[in-house]
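**Q** After the structure tokens below, expect a handful of questions from me.
The values are calculated or read from the model by the stated rules, or taken from the named source; none is laboratory data. Predicted, not measured: the structure shown is a model, and the values here were computed from it. Cβ placement follows ideal geometry from the backbone for every residue including glycine, while neighbour counts extend to all protein chains displayed. Note: areas computed on protein heavy atoms with side chains; ligands, DNA, RNA excluded. Shrake-Rupley method; radii C 1.70, N 1.55, O 1.52, S 1.80 Å.
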Amino acid sequence: MPNDYQEIKIVQEPPLTWIILNRPEKLNALSLRMLDELSSALEELSTDKSIRVILIKGNPEGRSFSAGMDISAFVNLKPLDALHISKRLQEVINKLEMFPKPVIAVIDGYALGGGFELALGCDFRIASNRAELGLPEIKLGLMPGGGGTQRLPRIVGEAKAKEIIMFGERLKSEDALKIGLVNWVVPPEKLDEEARKVAQKLAEAPPIAIMTVKNVIRLTRHGLLEEGQMFEATSFASLFATKDAAEGVSAFLNKRKPSFIGE
Ligand code: COA
């Protein structure tokens, strides 16, 4: 992958790839350029068979995962331009959610506003015990615009989501853990290592089954139980066409570790 990005960095560790949000002087705040770069990187990585899991983190010099959308762009911003920014942020976060491989947000320091919403679009969130997460837009006279009002209530429930959005206070990672907002909390010096361990486990899983589970959970979220179950059953059935299912069953019966190839 060409690494001529400026506001993100790509670090390849096949079968893992790190995407590093890279505007440390602005606490890795998200710019439109950064969103464009993130979008292109995701497109390239989606079809790269050597990569099975994406990890996203902030440049550690920025003391943050990301402090949100770049507020300097909000000065005298017209509503129509704000609409475009919001739609663009939503689009890129949707791309993360629809990404065919697992995506893990690795959070140290601040994850605020759009940065927090970006983490909500990931499949998993692992945070250091000094991380602080929140949606402080209300303090700017604004509100979340990157899917926060939609994804947060689905993860933590409406009442908790309203509390986080309307008070705009930052949560410590331990409190985020208690409400299921982050999956794991670890000491800062172990964060990358623990994130790598989680990613490595996911990288050993059968890629087509993983992609299918992601799709089934996402696409049946609002439907009827019956519709969801039908989609689940047909998806389950379709996996029997994969070499990985044959490998998984055979490995189990022969008491050996399976090796999945993504076919
Ligand atoms: N957009 C643009 N610049 C930002 C930013 C953002 N979201 N968050 C931080 N920065 C910039 C600061 O303006 C500052 O730039 P400067 O050195 O040129 O003055 C630099 O990053 C360092 O931030 P600073 O505020 O000095 O660090 P701090 O440790 O005192 O405070 C925060 C850290 C995260 C509490 C504080 O920066 C903050 O509240 N940021 C905004 C968070 C937010 O509201 N996000 C939602 C946006 S919609």
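**Q** May I ask you to rank 192, 244 by accessible area, largest first, using a 1.4 Å probe over the protein chains only?
**A** Ranked list, largest accessible area first: 192, 244.
**Q** For residue 214, which aspartates and glutamates qualify as cross-link partners when the Cα separation must be under 13 Å and same-chain residues fewer than eight apart are set aside?
**A** Straight-distance partners of residue 214: 97, 123, 232.
**Q** Taking the convex hull of the alpha carbon atoms in the range 64-142, what volume per residue do you get, in Å³? Could the numbers behind the result be given before it?
**A** Details: hull volume 6.2 nm³, N = 79.
So the per-residue hull volume is 79 Å³.
**Q** Then there is this: Nothing charged except the Cβ atoms of Lys and Arg (+1) and of Asp and Glu (-1): what's the magnitude of the dipole of the chain about its Cα centre? Round to the nearest 20 debye.
**A** 400
**Q** Taking the Cα atoms of the range 1-70, what is the range of coordinates along each of the three principal axes, in descending order and whole Å?
**A** 34, 20, 18 Å, listed from the longest principal axis down.
**Q** First compute the accessible area of the chain with a 1.4 Å probe, then give the percent of it belonging to carbon and sulfur atoms.
**A** Carbon with sulfur: 58 percent of the solvent-accessible area.
**Q** Okay, moving on. Can you flag which of 101/139; 49/257; 101/190; 95/139; 162/197 are past 26 Å Cα-Cα?
**A** Those over the limit are 101/139; 95/139; 162/197.
**Q** If you take every residue apart from residue 122 with its C-beta less than 12 Å away from the C-beta of residue 122, what net charge results, scoring Lys and Arg +1 and Asp and Glu -1?
**A** Once all neighbours under 12 Å are counted, the net charge is +3.
**Q** Ranked by accessible surface with a 1.4 Å probe, highest first, in what order do 110, 5 come?
**A** Listed by decreasing accessible area, they come as 110, 5.
**Q** Could you tell me how many cubic angstrom of Cα convex hull volume the range 161-231 has per residue?
**A** Dividing the Cα hull volume of the range 161-231 by its residues yields 128 Å³.
**Q** While we're here: Need one value: the accessible area of residue 61 in square angstrom, 1.4 angstrom probe, rounded to the nearest 10.
**A** Approximately 150 Å² for this residue.
**Q** Lysines near residue 255 by alpha-carbon distance under 21 Å, same-chain residues fewer than 8 away left out - which ones?
**A** 201, 243
**Q** Evaluate the relative contact order of the chain (contact order divided by residue number), counting alpha-carbon pairs under 8 angstrom at least 6 apart; express in whole percent.
**A** Relative contact order, the chain: 15 percent.
**Q** Additional query: Compute the relative contact order of the range 86-210 as a whole-number percentage, counting only Cα pairs closer than 8 Å that sit 6 or more residues apart in sequence.
**A** 28
**Q** Something else about it: Using only Cα atoms, figure out Rg for the range 207-253 and give it as a multiple of 2.2 N^0.38 Å.
**A** This ratio for the range 207-253 stands at 1.28.
**Q** In degrees between 0 and 90, to the nearest 10, how far off the longest principal axis of the chain does helix 32-46 point, with axes built from Cα atoms?
**A** Compared with the principal axis, the helix lies near 0 degrees.
**Q** On full extension of the chain, what length is gained from residue 238 through residue 256, given 0.36 nm per residue of separation minus the C-alpha to C-alpha distance?
**A** Taking 0.36 nm per residue and subtracting the Cα distance, the gain is 4.1 nm.
**Q** Could I ask something else about it? What is the projected area of the convex hull of the Cα atoms of the range 8-203, averaged over all directions, in nm²? Please list the in-between numbers first.
**A** Working: hull surface 39.8 nm².
Mean shadow area of the hull around the Cα atoms is 9.9 nm².
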